[in-house]
Amino acid sequence: MATRNLGGFLVLILAIAICEAASVFQPISDSHRSAASELFTATDGSFGSLEEAYEALRSFEILGIDKKSDIRTATCQSVVDKLGSSSSAPKDLFYALKVNSILKCKVNDKIFEGIAARLNAIANTASSLLDFYHSIGSLVLIKDQSSEVDVLLADAGGIFHSIKSLSQSDGRWRFSSDNPESSTYAAGLALEALSGVVSLASSEIDHSKISTLKSDILKLFDSVEKYDDGAIYFDEKVVDLREHQSPLSTTASVVRGLTAFAAVTSGNIKVPGDKILGLAKFFLGIGIPGNAKDFFNQVDSLASLESNEVAIPLILSLPATVLSLTRKDQLQVKVNTVLGSSAPPLTVKLVRALSSGSKVASTIESQELKFDKESESHFLDVPKSVDVGNYIFVFEVVLHDSEDEKVYATGGSTQVQIFVTGVIKIENAEIVVLDSDVGSIETQKKLDLAGENSLALSANHLQKLRLSFQLTTPFGNAFKPHQVFLKLRHETKVEHIFVVGNSGKKFEIILDFLGLVEKFYYLSGSYDIQLTVGDAVMENSFFRAIGHIDLDLPEAPEKASRPPTPAIDPYSKYGPKAEISHIFRVPEKRPSQELSLIFLGLLFLPLIGFLVGLLRLGVNLKNFPTSAIPATFGILFHVGIAAVLLLYVLFWLKLDLFTTLKWLGLLGVFLLFVGHRILSHQASTSAKLKSA
């Protein structure tokens, strides 16, 4: 078995082992604030739509980012235009009012009254869930923004029944009576719309309807999906892809609907606290979404969970899941709400710690962590019974006030994977060359695997090579790392890798060269010896050269397999290329300068002959116009002719065909104009002379 870069592979394995340890959920942090500023960017002080503007403003509001002044002017103008237009759709009015609830734009109460009348009519005649959602949601927003406008629903019970008629037996809802498909996403919209109906009702809604709806909510949670880390989410199962929503948007819709409905109804909705905590873990486990819509759904849902009437989830987080015995690190635990707010008075207990090699016996007894008010963290010194290794720490959060147990959800016990690292002792390391027959030691060398080694050994095919060493933890226990490899590399770059086995603390490998001659392709010569020992919890993992051994192997038989061709470096194609040399054709011999000048003179003979001919014939200038304007056109006409002749000369000397044609076209238009004028004048003059 061969490899090109075992060291890089070792580092990669150690990094992955730590990164994939266990899901540790962290509340919203400054990373989200930085991402929000990058994801939500306005162009000339405005966003593409009021929906986008609301999502940006709401995200900024939740995260405590003040950017209202940057977009207020342009966005408020869009809000006023939408609210003032009689043709605005309910969805446009809904998001205009949403934006106005944050920016507090100057909107006249008369505009609110006109909108409220339209929306009330829509709510009473609507047949689709989205019409109910937008119209009722808009009326709730008007109620919050203007106390002078009457937005109460006279027939709240009838509207409640109309929306409830779209529900299904499994807790999901339809978007309309014409659409048979059930949707979990629609269930969230329906709950939010019904909460608006309850808050806008002019008379109290029948309690039996409220109780039935609470039962539907519990049925909806029966279809929840779950991850191994305790995170739960809702997945859309709509067949029509046009209405399909991602798990993030679907879960966000349910959370908004659940918290909104719980806020306007009396009595608890008996959703288990661990499921509310599971929803929070789902949103936090996503990290930072890469697009604005998902980012808004995440932070808006977490804000809904931050303060709700069902149960407020508390998140147990660890700033570090790797503890070093060398640095004497302390175990640090924080408990906050999903947005990072302080938790009520509570105690964090480390119930047990299970080693990766044992799922039953705990290495520690139950211990209570100490609370530090300044950092709002719980601390514990790593117990002495915890050695280097991989553990599952089980924590329990206990609220001090029994009343807080009705408000907050702690989720019972929380399991976190912890890596306890340390410096591993390497002792009794030696390399020995043995005789095959009697096993006597021919050469024995001590090794310092913590430092540099440069050994020179020699052996033949009748001998053996033995490498042995011991690994112990800081507490003296046997340690078995993930990777222990011995590599022999021939001078022709052919490599052979062997796994070093162990028995307790001792690691040993014996290479019998007689049985390895075929594997070594009968290649005699110098072999570099390299040892790799690595583990995620071993702070002094190494990839070290020990020295070299000169092997004297027998000649290869005719039918013996040949060594593999050395692998080609894939990056070699990006290296410098060979220089390309090109020999140009030798220019042909040119005539002498004198001959060229004589030929040039001969070229002017036709021009000279032309001029002499004009003089011999006599140039007639009597018909040249004498008045100013015709004379000007005459001069320009002859100048244009001269320019065309000059252009031909330039074409002969330096210009290309396309440039010459371009200028010739321009000169042609010019000559057409001035030539027409001068010839018209000449024709007019000739006609007058004949008539006279």
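Placing unit charges on each Cβ (+1 for Lys and Arg, -1 for Asp and Glu) gives the chain a dipole about its Cα centre, and among Val264, Val388, Ser138 the Cα reaching farthest toward its positive end belongs to Ser138. For the chain, the membrane-span-like helix rule (DSSP H, alpha carbon extent of at least 27 Å along the helix axis, mean Kyte-Doolittle at least 1.6) picks out 628-653; this says nothing about an actual membrane. Hydrodynamic estimate: the Kirkwood radius of the chain over Cα pairs, inserted into Stokes-Einstein at 20 °C and 1.002 mPa s, corresponds to D of 61 µm²/s.
For the chain, the antiparallel share of DSSP beta bridges with both residues in that region comes to about 85%. Radius of gyration over Kirkwood radius for the stretch 28-151, both on Cα atoms: the Rg/Rh ratio is 1.01. Packing, as the average of other Cβ atoms within 10 Å across residues, places the peptides 623-633, 93-103 in the order 93-103, 623-633, highest first.
Take His676: with every protein chain present and a 1.4 Å probe, its accessible area is about 120 Å². Computed with a 1.4 Å probe over protein heavy atoms only, the accessible surface of the stretch 292-349 comes to 34 Å² per residue.
Between Val644 and Asp44, how high is the FRET efficiency from 1/(1 + (r/R0)^6) when r is the Cβ-Cβ distance and R₀ = 56 Å? Nearest 0.05.
Working: r = 53 Å, r/R0 = 0.94.
The calculated FRET efficiency here is 0.60.
Packing-based ranking of 301-310, 475-484 yields 301-310, 475-484, ordered from highest to lowest mean Cβ neighbour count within 10 Å. Estimated at 0.36 nm per residue, the fully extended path between Tyr574 and Ile635 surpasses their Cα-Cα distance by 15.2 nm. At an R0 of 51 angstrom, the distance between the Cβ atoms of Leu614 and Ile583 translates into a FRET efficiency of 0.40.
Probing with 1.4 Å while keeping every protein chain in the model, the per residue accessible area of the stretch 506-587 equals 69 Å².
Subtracting the Cα-Cα distance from 0.36 nm times the residue separation, let me have the gained length for Lys690 to Glu427 in nm, one decimal. If you can, show how the numbers build up before the last one.
Values: separation 263, 0.36 × 263 = 94.68 nm, distance 13.13 nm.
Roughly 81.5 nm would be gained on extension.
Descending by average beta-carbon neighbour count within 10 Å, the peptides 445-452, 264-271 line up as 264-271, 445-452, the highest first. Only helices enter the 222 nm calculation for the chain: every DSSP H run of n ≥ 4 contributes -39,500 (n - 2.57), and dividing by all residues gives -13500 deg cm²/dmol, rounded to 500. A straight line joining the Cα centroids of the stretch 413-471 and the stretch 38-81 runs 66 Å. With a cut-off of 13 Å between beta carbons, the residues surrounding Thr414 carry a summed charge of +1, where Lys and Arg count +1 and Asp and Glu -1. Within the accessible area of the chain, the carbon and sulfur atoms contribute 55%, probe 1.4 Å, all protein chains present. With R₀ set to 35 Å, the beta-carbon distance separating Ser86 from His207 gives a calculated FRET efficiency near 0.35. In this label model, Asp550 and Glu225 are separated by 6.6 nm, measuring between points 7 Å along each Cα→Cβ vector. Under 20 Å of direct C-alpha separation, and excluding same-chain neighbours fewer than eight residues apart, Lys110 reaches these aspartates and glutamates: Asp81, Asp92, Asp144, Glu148, Asp150. One quarter of the surface of the convex hull around the alpha-carbon atoms of the stretch 554-596 equals 8.9 nm², the direction-averaged projected area. Pairs exceeding 18 Å between alpha-carbon atoms, taken from Lys487/Lys573; Lys67/Lys104; Lys143/Lys214: Lys487/Lys573; Lys143/Lys214. Residues whose amide H lies under 5 Å from that of Asn460, counting only those 5 or more places away or on a different chain, are Asp552; hydrogens are built 1.01 Å from N in the peptide plane.
The values are calculated or read from the model by the stated rules, or taken from the named source; none is laboratory data. What you see is a predicted model, and the numbers here were worked out from it, not measured in a lab. Neighbour counts run over all protein chains shown; Cβ positions are idealised from the backbone, glycine included. SASA here: full protein model, heavy atoms, side chains in, ligands and nucleic acids out. Shrake-Rupley method; radii C 1.70, N 1.55, O 1.52, S 1.80 Å.
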